[in-house]
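Below: one structure, written as structure tokens.
Nothing in this text is a laboratory measurement; each read-out follows from the coordinates by a stated rule. The structure presented is a predicted model; accordingly, all values stated were derived computationally and were not measured. Here Cβ is always computed from backbone atoms with ideal geometry, including for glycine, and neighbour counts include all displayed protein chains.
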Amino acid sequence: MGTVRETLTLEDARRLTGPLAFNLMLKPAGSLCNLDCAYCYYLDKSEIYGGRESRMTVADIERYVRTYIESCETQEVTFNWHGGEPLILGLDFYRKAVEFQHLYAGEKTIRNTLQTNATLMTPEFASFFAREHFLLGVSLDGPPEIHDRYRRDRGGVHTSRKVIEGIRRLYDAGAEYNIMATVNRASEGRGLEVYSFLKGLGSAFIQFSPVVEHVVYPAGRNSRPRIVAPSELGAELAPWSVSATGYGRFLCDIFDYWVRHDVGRVFVNVFDCTLANWCGVTPGTCSFAETCGGNAVVEHNGDVYCCDHFVYPEYLLGNLYCDSLASMMRSPAQLKFGIDKRNSLPRKCLRCDVLPLCHGGCPKHRFNSDERGQTGLNALCEGYHMFFTHSTPAMRRMKQLLEEGKAPALVML
């Protein structure tokens with residue numbers, strides 16, 4: 001392979017020759033949602049399909065379930081239901097999906113996760129999810145004054161009350177759920193407040209995702225700005241984007257409390273991934289992995305894209321109704337998408353002391369330039385470096401405890 005972008009490592013080769021294992025994020029209702037969150041990068045994807053509010057049919061979901069199970073060469077298959085808002089499809093849709101999973105599972109173990117804003121959560125939905133062992137990811141950004149800043153319904157009404165009511169229904173039903181919070185401009189300087197609030201909602205798992213988007217404003221700026229790729233003509237940084245230093249401080253403030261009180265009790269995705277990289281273990285979030293490409297997206301009509309954050313025509317791999325899912329996931333386009341994360345790092349990253357922890361972050365945020373003008377630098381670089389450097393002493397101690405066969409929670413003593 002002649003260029004840096006085409007270089008394959010032994011780990012890449014292992015992935016190519018080993019059993020086919022990948023995750024698919026299914027968008028059964030496309031970008032259709034009952035909310036109008038300011039920073040949602042997916043609402044505008046309906047433009048790709050002519051602005052239609054399309055939904056999967058029963059025949060569509062049967063084909064998808066069968067194809068996905070058959071394509072995975074591993075014993076365990078996880079279905080990731082996403083949106084838009086997947087609950088819009090109604091409870092009967094998911095009952096049928098589970099029926100098809102039982103029909104085609106064979107000897108394989110089937111698991112389900114579903115990401116929701118929880119505003120449509122009914123007691124019936126909650127009971128179903130508990131009974132069928134779905135893991136719910138509920139979107140909630142923090143206390144009402146933070147959450148409601150950017151997460152409103154189509155009438156402009158605040159949504160935090162309905163989200164918390166949905167969480168209570170999941171809790172009462174005994175369903176398993178995690179909290180997934182974006183970190184945006186409203187979150188800056190309030191990390192510990194956000195963490196304390198979310199920790200009190202009954203889940204021991206919290207995922208933080210930074211919001212950094214680009215938008216193009218329509219003439220007059222009186223209607224919703226369109227979220228676009230940074231390279232699009234006229235694109236500018238969205239006002240709700242978190243700053244690099246704001247994100248770094250947000251994580252540091254939470255970490256300082258967590259490492260003294262909550263290790264082994266509350267699990268935060270960024271902290272877990274950091275410790276995994278310290279220990280040489282593949283992290284559970286692709287943003288912090290060396291390469292990506294194992295998390296594709298299936299749209300409502302069967303179109304398959306490289307990644308949820310890259311649903312653009314140039315990243316279309318094919319369609320379930322025309323192409324082999326296994327072939328798409330092993331295709332040169334998907335392979336290149338995955339290894340480009342590592343092979344397109346700017347020189348500054350390659351010389352950075354925290355590269356083994358950061359790996360350049362998510363490619364969707366790598367649109368800045370370094371001091372030499374080389375592109376591909378993560379917009380949150382300064383914040384990541386702040387956090388990884390700040391957490392080093394505690395992470396090093398937790399790694400040592402694991403190597404000694406002890407619990408990382410002993411770092412709190």
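Things worth noting here:
- Taking 21 Å as the straight-line reach from the Cα of Lys27, the lysines in range (excluding those fewer than 8 positions away in the same chain) are Lys45, Lys96, Lys364.
- Normalising the average separation of contacting C-alpha pairs (under 8 angstrom, six or more residues apart) by the number of residues puts the relative contact order of region 276-392 at 23 percent.
- Extension gain, Tyr217-Arg372: 0.36 nm per intervening residue step, less the Cα-Cα distance, totals 52.8 nm.
- Modelled FRET efficiency - R0 45 Å, Tyr49 with Ala204, Cβ distances, 0.05 increments: 0.75
- Percent RCO, i.e. relative contact order, over the chain, from Cα pairs under 8 Å lying at least 6 residues apart: 16
- Once C-alpha pairs closer than 8 Å and six or more residues apart are averaged by separation and normalised to the residue number of region 63-114, the relative contact order reads 62 percent.
- Amide H contacts under 5 Å for His214, placed H, 5+ residues apart: Val228, Ala238
- For His261 and Ala333, the FRET efficiency from 1/(1 + (r/R0)^6), where r spans their Cβ atoms and R0 equals 41 Å, is about 0.35.
- Placing R0 at 45 angstrom, the Cβ-Cβ distance between Glu73 and Glu193 gives a FRET efficiency of 0.50 after rounding to 0.05.
- Relative packing of 352-358, 113-119, which averages over residues the other C-beta atoms within 10 Å, highest first: 113-119, 352-358
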